[in-house]
């Protein structure tokens with residue numbers, strides 16, 4: 001390994017110095033000539049250590065790895081995309097990170113911008129003006145610094161913008177000449193501590209006091225949380241607030257927000273609780289309008305479950321980051337007390353304000369006991385339902401969740417992706433922040449395996465068992481991620497929910513056929529993944545990983561899962577179990 005030189009010689013060395021100054025642990029990329037200067041500097045100048053290269057076979061995987069890593073750690077890593085073509089490959093994953101409000105630093109190479117230095121054809125078709133235009137509508141900021149002297153401030157700004165809430169991806173593009181030219185003079189790296197992001201945004205005091213008065217006087221308060229758990233302190237404070245108010249909590253699942261076994265968790269009774277609520281406290285809810293009602297699948301007509309007189313409080317930073325190109329801002333909900341604030345600051349302050357006003361302990365106790373009974377009934381109903389489904393053929397998702405829980409419940413585990421149609425939430429005990437990392441944000445297929453590897457990479461040197469509950473259709477978008485898992489020895493348990501179909505689309509086709517009074521038996525045409533069915537276990541083996549399956553009999557599932565878990569724990573690598581489900 002090369003020794004890190006004390007002084008940069010090339011422009012790309014300065015870029016590596018900046019990554020080191022911010023303690024960037026990893027940089028994921030599929031190699032490309034447009035950033036060969038940075039590549040060399042990472043390896044021979046930086047010693048391939050902090051950052052360490054994570055080699056990928058597709059840019060969508062590279063960015064998804066950075067996405068998952070940031071959700072697991074709360075800090076960004078770097079992904080690099082090769083000029084125009086790599087950036088187009090990466091675009092879906094960047095969009096996911098944008099919608100998920102996750103800090104990812106995407107870099108790219110371009111040019112040479114000096115046209116006299118371009119190779120015929122290839123450098124021309126792979127150079128854009130300006131390259132960041134391609135992703136500008138779904139990154140927080142992009143830049144293409146003109147010279148090496150501009151690079152430090154550009155990087156400092158990019159990092160700060162990416163991690164400042166609401167967080168999101170940024171894109172930095174570097175001319176090939178800028179990377180490869182020798183430095184005429186030293187480029188100093190500033191003290192990055194002096195360019196830290198601002199303190200979290202506190203709530204307006206008057207609005208907070210108004211919210212506390214409404215909550216303290218509520219007869220049937222309801223709390224709805226979505227991405228509160230991106231900050232562990234906020235998730236813990238939410239438990240205190242819910243207990244103080246005696247308010248049920250609906251967890252929307254953008255992150256882990258609330259313990260699944262807590263007596264106040266009534267996730268799964270959304271319609272009923274919304275109808276009963278006289279006050280709704282929404283916390284970091286991405287789609288508040290959609291959270292309080294239901295949609296008719298055939299007509300797409302939405303029906304709100306909320307009473308007209310119910311009052312709504314929403315604490316969120318959602319209004320601070322919006323673009324016109326994508327409608328990820330969702331439908332505009334009616335809110336009586338909108339508060340722009342970081343929930344990690346606002347929830348403790350709201351709790352203190354409620355306590356200062358005085359909370360009716362007797363009323364809270366009565367609510368708590370009533371909610372607890374409903375929680376226990378709900379969990380019991382789910383457990384009984386899972387039991388009834390345990391012998392279904394093909395296997396039910398509930399059976400897979402139940403058997404997997406039996407295998408991991410004594411482990412220190414993290415669910416990095418997937419929920420098996422919600423059964424992992426219903427049957428498992430989610431107890432602590434970042435024990436579940438949420439979904440893609442943008443609904444882009446291919447997210448799961450890449451983001452799971454990123455999260456597992458963050459935990460690679462720990463004893464945590466990282467679990468990816470992936471789906472066949474999504475996984476097939478980025479199967480080459482298995483090579484990265486094997487090459488970098490990233491410990492990850494992959495359980496494939498294999499229904500041999502793009503089943504969401506199949507359901508839609510069946511619904512359209514039903515509404516039109518047509519033959520629904522043909523809804524598998526153009527949606528089924530059969531003839532031939534992919535063999536995911538053999539695919540894993542072809543990349544040098546442990547694969548087992550396809551598992552089709554219920555009695556074979558538990559032993560297969562335990563064997564795979566043993567491989568992950570003992571060999572510190574990935575293992576895949578392919579389970580055929582209904």
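DSSP assigns beta bridges within the range 254-375; of those with both partners inside it, close to 25 percent run antiparallel. Please work out the Cα center distance from the range 373-437 to the range 520-582, rounded to the nearest Å. About 19 Å separates the Cα centre of the range 373-437 from the one of the range 520-582.
The modelled label-to-label distance for the pair residue 150/residue 392, using points 7 Å beyond Cα in the direction of Cβ, is 5.8 nm. For the pair residue 463 and residue 243 in one chain, pulling the backbone fully straight at 0.36 nm per residue adds 76.0 nm over the alpha carbon distance. Modelled this way, with points 7 Å down the Cα-to-C-beta line, the labels at residue 199 and residue 336 are 3.1 nm from one another.
Ellipticity at 222 nm from helices only: DSSP H runs of n ≥ 4 in the chain, each -39500 (n - 2.57), divided by the residue count, give -12000 deg cm²/dmol.
Between the helical axis of 11-21 and the longest alpha-carbon principal axis of the chain there is an angle of about 40 degrees. With a Förster radius of 41 Å applied to the beta-carbon distance between residue 185 and residue 88, the computed FRET efficiency rounds to 0.65. Dividing the mean sequence gap of close Cα pairs (under 8 Å, 6+ apart) by how many residues the range 493-582 holds gives a relative contact order of 39 percent.
Report note on the peptides 70-76, 205-211: ranked by the mean count of other C-beta atoms within 10 Å, highest first, their order is 70-76, 205-211.
Between the range 8-58 and the range 182-197, what is the C-alpha centre distance in whole Å? Here the two parts' Cα centres lie 17 Å apart.
Sorting 523, 478 from the fewest to the most surrounding beta carbons within 10 angstrom yields 523, 478.
The label-point distance for residue 220 and residue 300, in a model that sets each label 7 Å from Cα toward Cβ, rounds to 3.2 nm. Counting only alpha carbon atoms, the long axis of helix 343-357 and the longest principal axis of the chain meet at about 30°. Extension gain, residue 381 to residue 130: 0.36 nm times the residue separation minus the Cα-Cα distance gives 84.7 nm. Under the shape rule built on the C-alpha gyration tensor, where the axes satisfy a ≥ b ≥ c, the range 265-375 is oblate, since a/c reaches at least 1.5 while a/b does not exceed b/c.
Counting neighbouring beta carbons within 10 Å and listing from fewest to most, the residues 430, 121, 483 come out as 121, 483, 430.
As a proxy for reagent exposure, ranking 489, 255, 160 by other Cβ atoms within 10 Å from fewest up yields 489, 160, 255.
The residue 572 and residue 36 beta-carbon pair, evaluated with R₀ = 41 Å, returns a calculated FRET efficiency of approximately 0.85. Axis of helix 232-245 versus longest Cα principal axis of the chain: the two differ by about 20°, to the nearest ten degrees.
A short reminder: the numbers here are calculations on the coordinates, not readings from a lab. Note that this is a predicted model, so its numbers are computed, not measured. In this analysis, Cβ positions are derived from the backbone assuming ideal geometry, glycine residues included, and neighbour counts consider all displayed protein chains.
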